[in-house]
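Contents: one structure, followed by commentary.
The values are calculated or read from the model by the stated rules, or taken from the named source; none is laboratory data. Just so we're clear, the structure is a prediction, and the values are computed from it rather than from any experiment. Every residue, glycine among them, receives a Cβ derived from its backbone with ideal geometry; neighbour counts consider all protein chains shown. Remember, those area values only see protein heavy atoms, side chains included, never the ligands or the DNA or RNA. Shrake-Rupley method; radii C 1.70, N 1.55, O 1.52, S 1.80 Å.
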Amino acid sequence: MSNAKVIIADDHPLFRTALKQAIVECIEDAGTLEADNFNELLSSIEENPSLEIVFLDLHMPGNNGFTGLTQLQNHYPDLIVIMVSSDDSDETMQKAINFGAAAFIPKSADLSTIASAIDSVLGGGIWLPEHVEMNTDQQTMISHQKLAKQLAQLTPQQYIVLTQIADGQLNKQIAYDLNIKETTVKKHVSAILMKLEVNNRTLAGLAYQQLMLAPPENVAD
């Protein structure tokens, strides 16, 4: 176990190196850890309670869009999550903030820009590149923020059950995977439907799928 404050979850070593340079300049005694897939990130967070900030790649193995962001918020609400990606359309970056990220840093950003983003977040702010207008679509913003709050209200096990509902699994399959009784799964499903304010598991799965992004074409993320 370390006293690291920061973990970089990205499957590209070169970008992790660039981020580490910026972090050293901004955060004293940061003690940076690295993970190249989402499961490794979760294990590192469990093993290192001193972690405060996660740099999360939008498309890293095990993370589909904003599913990782909302899972971290559900399981570890005190962590600050900064999204990073070369998939940096204005819509994607705004969506990240709507779902609860503290910042979205494009992988094309230079070291000074990365440092500026980190400084802004450390000061309690929300950071997007200067050219991105914050919350141009109020209705979409409100919808995303509502979903993020609802997901945060789920227990960690309810969140996992929801991911499996979205994956099309039946209660019997979910019970087997989680090693719990099918009646327990049914209770979780009922609680999920109530918290998401939907009438059936299909709508619950569709709500969760809003977090996902289609794989980008020809994007070196």
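Looking at the chain, what % of its DSSP beta bridges pair antiparallel, to the nearest 5? Antiparallel bridges: around 0 percent, rounded to the nearest 5.
Taking 8 Å as the Cα distance limit and 6 or more residues as the minimum spacing, I'd like the relative contact order of the stretch 100-221 as a percentage. Computed value for the stretch 100-221: 21 percent relative contact order.
Restricting attention to the chain, the count of lysine pairs at 8 or more positions apart or across chains with alpha carbons under 15 Å apart stands at 11. Rounded to the nearest 20, the Cβ-based charge dipole of the chain about its Cα centre (Lys and Arg +1, Asp and Glu -1) stands at 1260 debye. When peptides 151-162, 108-119 are sorted by average Cβ neighbour count within 10 Å, with the highest value leading, the order is 151-162, 108-119.
Computed over the chain, relative contact order equals 19 percent, with contacts defined as Cα pairs under 8 Å that lie 6+ residues apart. With helices as the sole contributors, the chain gives -15500 deg cm²/dmol at 222 nm; each DSSP H run of n ≥ 4 counts as -39500 (n - 2.57), and the sum is divided by every residue. Rolling a 1.4 Å probe over the protein chains gives GLU28 an accessible area of about 140 Å². Per atom type, the stretch 47-130 shows carbon and sulfur on 46% of its accessible surface, probed at 1.4 Å. Per residue, the Cα convex hull of the stretch 110-160 amounts to 128 Å³.
Solvent-accessible surface of protein heavy atoms, probed at 1.4 angstrom with all chains present, puts HIS59, HIS12, HIS144, HIS131 in the order HIS131, HIS12, HIS59, HIS144, largest first. Within the stretch 136-219, list the trypsin sites (Lys or Arg not before Pro) lying in a DSSP loop whose Cβ has at most 12 other Cβ atoms in a 10 Å radius. Of the trypsin sites (Lys or Arg not before Pro), the ones in loops of the stretch 136-219 whose Cβ has at most 12 other Cβ atoms within 10 Å are LYS181.
Accessible area per residue for the stretch 1-81 is 44 Å², calculated with a 1.4 Å probe on protein heavy atoms, without ligands, DNA or RNA. What net charge is computed for the residues neighbouring LYS181, neighbours being all others with C-beta under 12 Å from the C-beta of LYS181, Lys and Arg scored +1, Asp and Glu -1? After counting each charged neighbour, the total is +2.
Between the amide H of ILE105 and those of MET83, VAL84, SER85, distances stay under 5 Å, these residues lying 5 or more places away or on another chain, with hydrogens modeled in the peptide plane. Just checking my list (i) 56, 33, 32; (ii) 53, 43, 34; (iii) 52, 42, 28 against Cα extents along the principal axes in Å computed from this structure; which label fits? So the structure-derived entry is (ii). For MET141, the accessible area of its heavy atoms, probed at 1.4 Å with every protein chain present, is near 20 square angstrom.
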